[in-house]
1. In this structure, does VAL25 turn out to be at pLDDT below 95 and of a type in the set (Val, Ile, Thr)?
2. Given the criterion under 19 Å from GLU108 (Cβ atoms) and modelled with pLDDT of 95 or more, identify the matching residue among GLU58, GLU42.
3. Against the definition (assigned to a loop (DSSP other than H, G, I, E, B) and over 16 Å from the mean Cα position of the chain (by Cα)), how does GLU215 come out, yes or no?
4. Which pairs do you get when a residue that is touching a residue at least 12 places away in the same chain (Cβ under 8 Å) and farther than 16 Å from HIS84 by Cβ, found in the stretch 129-154, comes within reach of a residue that is of a type in the set (S, T, N, Q) and part of a helix (DSSP H, G or I), reach meaning Cβ atoms under 6 angstrom, with the pair 6+ apart or on two chains?
5. Search the stretch 29-50 for residues that are farther than 15 Å from GLU7 by Cα and pair each with any residue that is basic (Lys, Arg) when their beta-carbon atoms are under 8 Å apart and the residues are at least 6 apart or on different chains.
6. Looking only at the stretch 145-163, count every residue that is among the aliphatic types (A, V, I, L, M), within 15 Å of ASP216 (Cα to Cα) and in contact with a Phe, Trp or Tyr (Cβ under 8 Å, 6 or more places away or on another chain) and tell me the total.
7. List the residue pairs whose Cβ atoms are under 7 Å apart, where the first residue sits in the stretch 7-23 and is β-branched (Val, Ile, Thr), the second is surrounded by 12 or more Cβ atoms within 10 Å (Cβ to Cβ) and in a helix (DSSP H, G or I), and the two are 6 or more positions apart or on different chains.
8. From the list ALA154, ALA177, ALA186, ALA192, exactly one residue is assigned to a helix (DSSP H, G or I), at pLDDT 95 or above and crowded, with 20+ Cβ neighbours inside 10 Å. Which is it?
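The values are calculated or read from the model by the stated rules, or taken from the named source; none is laboratory data. All values reported here derive from a predicted model rather than from experimental measurement. Here the Cβ positions follow ideal geometry from the backbone for every residue, glycine too, while neighbour counts run over all protein chains shown.
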Amino acid sequence: MNLTVPEALGLVRGILPSCSGKKTVEAIIAPPFTALHATACEIKGKEIGLAAQNMHFEPKGAFTGEVSAAMLRDAGCTHVILGHSERRQYFCETDEGVNRKVKTAISEGLTPIMCIGESLEERETGATFKVIETQLNGGLSGLSTGQAGKVIVAYEPVWAIGTGRTATPAQAQEVHAFIREKLSGAFGKEAASSVRILYGGSVTPDNIKSLMAMEDIDGALVGGASLKAESFSALVNYSEA
């Protein structure tokens, strides 16, 4: 919940040059709902994607304050973030609800970025892998192999977001490898290898290179560092640093 429309457009104009001509990095931005259409117009024809931060699983109806997949596509979105840790924590979103949203997104032509991750208490009690497996299975329940291959998974260790604590690249890789293994068991190695798994735990220009060096970390879901053109550009250009 950051940036008015003029502020969002100013940020987009600042980061667009860093995304031009990138053949090995795909950049996607996720402004608030109010700035989606204006942002889509600003980036039209540019090498950058547009995501929404949430959506409802129903196509339309009496769901005051909600936004549908068709509305997001109409606004110019190609992707949508689902099940973000803050949505789960503050708005009581469940694995079942996230699953319904994932299925709707795929059926409506949007690429879902499905978030999963454990809290500090869950990590400290040794429940990390149980939580990850439960959220992964719940979010992808009922999907075909082809549908699962269209999902982007984002691992968010909630304990490393805005807390000053940071997961080491090795800790992140351990969970990413676990996710890949579970995807392989459920949908086959080919589908599992095609799924991009993003890391989303206080990613900054200082740690992006070491994170991206890990075998199963395919990208990053970025929070605070995406709100400034300089740090966003540094992330996109991490391989050249």
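1. Yes.
2. So the residue among GLU58, GLU42 that is under 19 Å from GLU108 (Cβ atoms) and modelled with pLDDT of 95 or more is GLU58.
3. Yes: the conditions hold for GLU215.
4. SER141/ASN99; GLY149/SER194
5. Listed pairs, sorted by first residue: GLU47/LYS22.
6. Qualifying residue count, the stretch 145-163: 1.
7. VAL12/THR39; VAL12/GLU42; VAL12/ILE43; ILE15/ALA229; ILE15/PHE232; ILE15/SER233
8. Numbers: ALA154 fails: assigned to a helix (DSSP H, G or I); ALA177 fails: crowded, with 20+ Cβ neighbours inside 10 Å; ALA186 fails: crowded, with 20+ Cβ neighbours inside 10 Å.
The match here is ALA192.
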